[in-house]
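What follows is a single structure, written as structure tokens, with notes after it.
The values are calculated or read from the model by the stated rules, or taken from the named source; none is laboratory data. All values derive from a computational prediction rather than experimental measurement. Counting neighbours? That spans all protein chains shown, and the Cβs are built from the backbone with ideal geometry, glycine included. Side chains are part of the model used for accessible areas, which takes the heavy atoms of the whole protein and leaves out ligands, DNA and RNA. Shrake-Rupley method; radii C 1.70, N 1.55, O 1.52, S 1.80 Å.
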Amino acid sequence: VTATPTVYVIDDDLSVRRAIARLLRVAGHKVVTCDSADAFLALKTIPRPACLVVDVRMPNLTGFDLQQTLRLEGRNLPIVLITGHGHAAMAARAAATGALAFLVKPFPDGVLLDAVQTGLQMDQEEQSRSARTDDT
Amino acid sequence: VRWPDQASWWWALCTAGLVGLGYYLGVLIGSALRFPPATTSVLWPPNSILTAALLLTPPSRWWVCLAGALPVHLYVQTSLGWPLAMVGALFLTNCSEALIGAGLTHVCSDAPSRFDTLRRAGAFVAGAGLAGPILSGFGDAAVVEAFRGEPYWNVWQTRVFSNVLTELSVVPLIVLTVTAGTSCLGRLTRAQFAEALVLGVFLVGVGIFVLAPEAAGFSVPGEAMPMVSVLPLLFWTAIRFGAGGISSALFLLALIASSAAIFGSRPFEGLAPSESLIALQVRLVLMSIPLFAVAALLDERHGAGAELASRLRFEELLARTSASFVRARGTEEAETAFDDGLMRLGMLLDVDLVLFLKVGAGGRELDGTRQWRSDSSPRFDVSRSGQVPWILSRLREGRPIICEDVSTLPDEANGDRVALAGLGLRSVLVVPLVAGSRLHGGLLLATVAARDWSPQTVGQVQLVSELLANEVGRRRSEDELRSSEAMKTAILSSLPSLVAVLDRTGRIIAVNQGWLDVARGDGDSRGAVGVSAVGANYLAVCRRAAAAGDSGASVALGGLEDVLSARADGFATEYSSTDPITRWYAMTVVPLRRSEGGAVVSHVEVTERKRAEVDAQRARQELTHFARVSAMGELTASLAHQLNQPLTGISINAQAARRCLDATPPAVAEVRDIVIDIIDDSLRAGEVIRNMRGMMVRTSGESSVLDVTALIRDVATLVASDTIIRNVSVTFDLDSRVPRVRGHRVELQQVMLNLLVNAIEAVADVPPAERGVIVRSGRGSSGSVLVSVQDSGPGLSPDAEGTIFEPFFTTKTGGMGMGLAIARSIVESHGGRIWAENHSQRGATFCVSLPGADEATM
């Protein structure tokens, strides 16, 4: 049984958070918003397939912090990182840590929607692969 | 009569010898004038001689006189073959007469050896003249009756009348001769001498005619001349020659009468010679007593006249001297007047030297510059004399020195004694010159001969010394006044500023050279307010200038009125003038602390200073601007982030809206929400830009009253995103009730921003959980506002604490090191203070104290 794919938008800035969530909803995604990484981590269940859109700069836990925490917990969620002022070093770090995409605000809507679509598919495949593994 | 102690034994011997000699002469006369076989003499001078000796000596020495008389008495009377007991008893009665007479006179008279007042003459007549002979007569008569068998009352009567007459006639003669001595005779003019001679001849002549007509060998036709015939002559004597004259005349008459009686003359028909003599004696005594009174009264009057004359002379001296002081113009005349005063005093008091002693610093010498000496005295070369330290020390104590003979000065005055003796001076009188409790010197009077300075003389000298002291004091204070005036004038004219002294009404009463130049239109500082000539009313001048629109003048006017009316203790202002070119002046008004009131006004040109201040202000503003811009550069990342957020929101929302519109049917409701969000975001972006512009704008020169809390909150929003990016927790502990401050908003924002950015950077290297900054505001002392920014960073190194506010001090690799220096310059230009201290646990605290607006307006 496959649940409805869900996109999690995690950004401390209300207007940016609302805008991204709206765009994704208009594009037909189910969207859950969180105003901080801690709020996301506090969620009990994360229905799969899921994709995370995370702002890099946030108080307390940053986007990279969240990514690292999830990896350490073994939760291999696809993550799209967005940032206000990206530079090469940050992009390289994002690539190294396995982020799905690294978008510098403002960005064209197609890029985000493609990245999210890709993420959700990847997670779908990941889920079915692990389900098969579980069956065998 | 003086009693030098050292020669008392020698003096006693002389006195005793003299008394003995006189007594012997008296006995010879007395023994010759007797009615044999009667024992009692009709004229017995020894007792009177003894009385005179006692009157001339103090009671403690009377024994000397009595001892001198005893051997003579014993010798003479034992040689008459009289029994020793009788001789001794007679000596006792004789002595008792002298003792009673002299004793009573001593008790009753203030000067027993003088007869020149009614009291003195009365004491003598009553005591020595009457009481002595009468009382001693009882004993004498008893002795004679006991040893010689003569009738008691006869003896008494004979002795009493003869002795009364003798006492009255002999005692004044002897006493006056001894006390006045030869000087009295010397003082008689030739006319007086001739008069005395004529009078004596007349007296003898009339005496013989009246008392012993037979002895004269002829008689005046008619009745015998009565006793009263001598009265006119006695009157004459009393009036012209006083008690001494009366006494002499009486003695003459008594001698004539006694001699005549002895030789059988009888002026009174039908009486025995002895009785006749008694009658004569009684008449002479009765006549002489009122004549003594007349002589004393005349003397008294004469003395009063003489005293009056001397006082008049003295008062004339005072009047002339003080008048000449008043009239004296200039130092030279004043000195002449002073010298004249010394001369008048010296001549009046008949001294040989009058000297003004200076008691100055180190003044130990006799100063001969002011002195007078009599023509007859030797030249005193005072300048070459020794020192007179003792006299000067006494003068400093304000005590006079009255010295009859310098050889009697105390031992500590040895040097003074030698100095005075070296000048040939014997007697000195020194009185201090004191005026207004200040010692100006001393007045030294001296004579070559010994002189007894009478209390009257001392009093006169003290009066004159007061006069001289006042003159010296007045001249000295005039000199001091003149020199202090000169000093003030010199100080005033040396000042580069313009100074004027105003009276209570604002009238200019004195100005310095600088003011004078400007008032004449010469000086550079022509723009100074209201500079006008002496006599003009400065207030009125300022009022006119203020009415003409001179703002400096109206400010000056207000301050000046406050000081002149004692509403303010001083006033200071700065004003500019454009006449002829722009210049700045500082004006001060200081009240004159005197009863008449008034003020001192000064204007100093401060154009250079003002220009430098303006330049410095401009430089500081430029530097502040530069620093602010560079601080903004450091904030670029944060600002870019702040601006990027709404832009991102707008961009994504717009793209979402396009999708909504592309959909079928178009989701118009969604698009409406989107547009609202876009509007919000664009406003937010505008806000960020406005905020940034505010920081970039160059400071204007205007200050306003600011709320410190709002100011901190503005700056906090500016760095809010920065704190998020750097993951620093900033907490605010602000007291909204702190006083407001006066200042430049942007400049003070700059200070706060600088401190916050510094604090945020300071905690960059500590673990994120410990990155904390606390901003506090509160009330400081005396109405000031205290803002502190505390960080949890590594704190200040000991080196940094002293230099952290210096320009170009930095610990940051990219920093200019200007931030804190500029912050300090801003805070100090607001009258505040900025400092840094290490927190006790960790981190540093930067504090800013700013004066509250209430104080800042002053």
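Only one of B:ARG159, B:ARG190 is in contact (Cβ under 8 Å) with a residue 60 or more places away in the chain and basic (Lys, Arg). Can you tell me which?
One residue alone meets the criteria, B:ARG159.
Is it true that A:ARG75 is open to solvent by 30 Å² or more (accessible area, probe 1.4 Å) and part of a loop (DSSP other than H, G, I, E, B)?
Numbers: open to solvent by 30 Å² or more (accessible area, probe 1.4 Å): yes; part of a loop (DSSP other than H, G, I, E, B): yes.
The answer is yes for A:ARG75.
For the range B:504-530, enumerate the residues that are open to solvent by less than 30 Å² (accessible area, probe 1.4 Å) and either in a loop (DSSP other than H, G, I, E, B) or modelled with pLDDT under 85 (or both).
Initially, the range B:504-530 is screened for residues open to solvent by less than 30 Å² (accessible area, probe 1.4 Å), giving B:506, B:508, B:512, B:514-515, B:518, B:523, B:525, B:527-530.
Selection gives B:GLY506, B:ASN512, B:GLY514, B:VAL518, B:GLY523, B:SER525, B:GLY527, B:ALA528, B:VAL529, B:GLY530.
Can you tell me which residue within the range A:1-22, out of those that are open to solvent by less than 50 Å² (accessible area, probe 1.4 Å) and of a type in the set (Lys, Arg), is farthest from the other protein chains (Cβ to nearest Cβ)?
The residue in question is A:ARG17.
Sort through A:THR33, A:THR62, A:THR118 and tell me the only one that's closer than 21 Å to A:THR4 by Cβ, within 14 Å of chain B (Cβ to nearest Cβ), open to solvent by 30 Å² or more (accessible area, probe 1.4 Å) and polar (S, T, N, Q). Lay out the reasoning, then the answer.
Details: A:THR62 fails: closer than 21 Å to A:THR4 by Cβ; A:THR118 fails: within 14 Å of chain B (Cβ to nearest Cβ).
So the residue among A:THR33, A:THR62, A:THR118 that is closer than 21 Å to A:THR4 by Cβ, within 14 Å of chain B (Cβ to nearest Cβ), open to solvent by 30 Å² or more (accessible area, probe 1.4 Å) and polar (S, T, N, Q) is A:THR33.
If you go through the range B:103-112 one residue at a time, do you hit one that is crowded, with 22+ Cβ neighbours inside 10 Å, closer than 20 Å to B:LEU43 by Cβ, at pLDDT 85 or above and not small (Gly, Ala, Ser)?
For the range B:103-112, residues crowded, with 22+ Cβ neighbours inside 10 Å, closer than 20 Å to B:LEU43 by Cβ, at pLDDT 85 or above and not small (Gly, Ala, Ser): absent.
Looking at this structure, is B:ILE49 closer than 23 Å to B:ALA243 by Cα, modelled with pLDDT of 85 or more and surrounded by fewer than 20 Cβ atoms within 10 Å (Cβ to Cβ)? Before you say what the answer is, go through the steps one by one.
Details: closer than 23 Å to B:ALA243 by Cα: yes; modelled with pLDDT of 85 or more: yes; surrounded by fewer than 20 Cβ atoms within 10 Å (Cβ to Cβ): no.
It is false that B:ILE49 is closer than 23 Å to B:ALA243 by Cα, modelled with pLDDT of 85 or more and surrounded by fewer than 20 Cβ atoms within 10 Å (Cβ to Cβ).
Any idea which of B:ARG684, B:ARG628 is surrounded by 14 or more Cβ atoms within 10 Å (Cβ to Cβ) and modelled with pLDDT of 85 or more?
So the residue among B:ARG684, B:ARG628 that is surrounded by 14 or more Cβ atoms within 10 Å (Cβ to Cβ) and modelled with pLDDT of 85 or more is B:ARG684.
Applying the selection to the range A:83-95, what residues are within 13 Å of chain B (Cβ to nearest Cβ) and open to solvent by 50 Å² or more (accessible area, probe 1.4 Å)?
Answer for the range A:83-95, where residues must be within 13 Å of chain B (Cβ to nearest Cβ) and open to solvent by 50 Å² or more (accessible area, probe 1.4 Å): A:HIS85, A:HIS87.
Within the range B:91-117, work out how many residues are among the β-branched types (Val, Ile, Thr) and within 20 Å of B:GLY244 (Cα to Cα).
Within the range B:91-117, residues that are among the β-branched types (Val, Ile, Thr) and within 20 Å of B:GLY244 (Cα to Cα) number 2.
Please go through the range A:96-111 and pick out each residue that is within 13 Å of A:PRO78 (Cβ to Cβ) and either part of a loop (DSSP other than H, G, I, E, B) or in contact (Cβ under 8 Å) with a residue 40 or more places away in the chain (or both).
A:THR97, A:GLY98, A:ALA99, A:LEU100, listed by residue number.
Could you please give the count of residues in the range B:213-239 that are modelled with pLDDT under 85 and open to solvent by 40 Å² or more (accessible area, probe 1.4 Å)? Show your work before the answer.
Of all residues in the range B:213-239, those modelled with pLDDT under 85 come to B:213-230.
Checking which are open to solvent by 40 Å² or more (accessible area, probe 1.4 Å) leaves us with B:214-215, B:217-226, B:228.
Summing the residues that are modelled with pLDDT under 85 and open to solvent by 40 Å² or more (accessible area, probe 1.4 Å) in the range B:213-239 gives 13.
Let me confirm something: among B:ALA111, B:ALA126, B:ALA121, which residue is part of a loop (DSSP other than H, G, I, E, B), hydrophobic (A, V, I, L, M, F, W, C) and over 25 Å from B:LEU25 (Cβ atoms)? Break it down stepwise before answering.
Values: B:ALA126 fails: part of a loop (DSSP other than H, G, I, E, B); B:ALA121 fails: part of a loop (DSSP other than H, G, I, E, B).
Just a single option satisfies the conditions, and that option is B:ALA111.
Scan the range A:41-55 and give yes if some residue there is more than 30 Å from B:ASP662 (Cβ to Cβ), over 14 Å from the mean Cα position of the chain (by Cα) and small (Gly, Ala, Ser), otherwise no.
Yes - at least one qualifying residue is present in the range A:41-55.
Given (1) touching a residue at least 24 places away in the same chain (Cβ under 8 Å); (2) among the hydrophobic types (A, V, I, L, M, F, W, C); (3) out of contact with any strand residue (DSSP E or B) (no Cβ under 9 Å at 6 or more places or on another chain), where does A:VAL26 come up short, assuming only one miss?
(1)
Quick check on this structure: which one of A:ARG132, A:ARG25, A:ARG57 is assigned to a helix (DSSP H, G or I) and within 14 Å of another protein chain (Cβ to nearest Cβ)?
Every option except A:ARG25 fails the conditions.
Exactly one condition in (1) modelled with pLDDT under 85; (2) more than 13 Å from chain B (Cβ to nearest Cβ); (3) in contact with a Phe, Trp or Tyr (Cβ under 8 Å, 6 or more places away or on another chain); (4) open to solvent by less than 70 Å² (accessible area, probe 1.4 Å) is false for A:GLY98; which is it?
(3)
Residue by residue through the range B:726-750, note down the ones that are open to solvent by less than 50 Å² (accessible area, probe 1.4 Å), under 17 Å from B:VAL775 (Cα atoms) and not in a loop (DSSP other than H, G, I, E, B).
Hits for the range B:726-750 are B:VAL730, B:LEU748, B:GLN749, B:GLN750.
Scan the range A:37-47 for residues that are in contact with a strand residue (DSSP E or B) (Cβ under 9 Å, 6 or more places away or on another chain) and either within 14 Å of chain B (Cβ to nearest Cβ) or crowded, with 20+ Cβ neighbours inside 10 Å (or both) and jot them down.
Matches in the range A:37-47: A:ALA37, A:PHE40.
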